[in-house]
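Q: So that we are looking at the same thing, I have put the structure below in structure tokens.
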Amino acid sequence: MGFKEDIEKFKSGIKKDLIQQKRTAARIALKKLIYRSPARSGNYIRSHNVGISKSGKGRGIGKRHAPVVEAWLEPMDPGEKLSFMAEQYAKKRAYISTAQLLDSITIYNVIPYAKNVEYTGWTGTSTFSGGDAGATQRSWYHPPYHVYGLTVEEMAIIMPLIPKMVSGNINTGII
């Protein structure tokens, strides 16, 4: 094998590693977002979207998205939560695998209450049966989850490890 072939083989290997690093980073971030998300019904988890802007197309042009189902889900049994999360991760993980070297991967959530989950929290009232006293209403406040903010902070710590994860020199068990 000549020098030119060696260079081409080297370039090809670097390109494969970089693509794999990009996909790995997106998969880790998506998994952390999904497993950090509140899951009363699963609507918030299901509404995490993955957008891939194809290289050379400019911002927002040629963007592909993982499919999103519009129907709202009913509250789920707490025992179903982990399997639902794993199912959602698997669907969107496969989509991330289509990203190429110069593609831009964006993970976002546009469900109407996403800002409450992230920043403001929310309030509500619940009716409880009070035995002989009848039903009572109780007000409550749920603090924000900071799903995306905490994931960004965590990814800043993980990013330097991704090349080692891809090369097989480190096994973290998180991808």
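Q: Let me check I've understood the local charge: for Leu18, count other residues with C-beta under 13 angstrom from its C-beta, Lys and Arg +1, Asp and Glu -1. What total comes out?
A: Result for the local shell: +3.
Q: Efficiency by 1/(1 + (r/R0)^6): what FRET value for Glu80 and Tyr141, r their Cβ-Cβ distance, R0 = 25 Å, to the nearest 0.05?
A: With a Förster radius of 25 Å, E is 0.40.
FYI, it's all coordinate maths here, none of it is from the lab. Every value quoted in this text rests on a predicted model; they were computed, and no experiment measured them. Backbone-built Cβ (ideal geometry, glycine too); neighbour counts: all protein chains shown.
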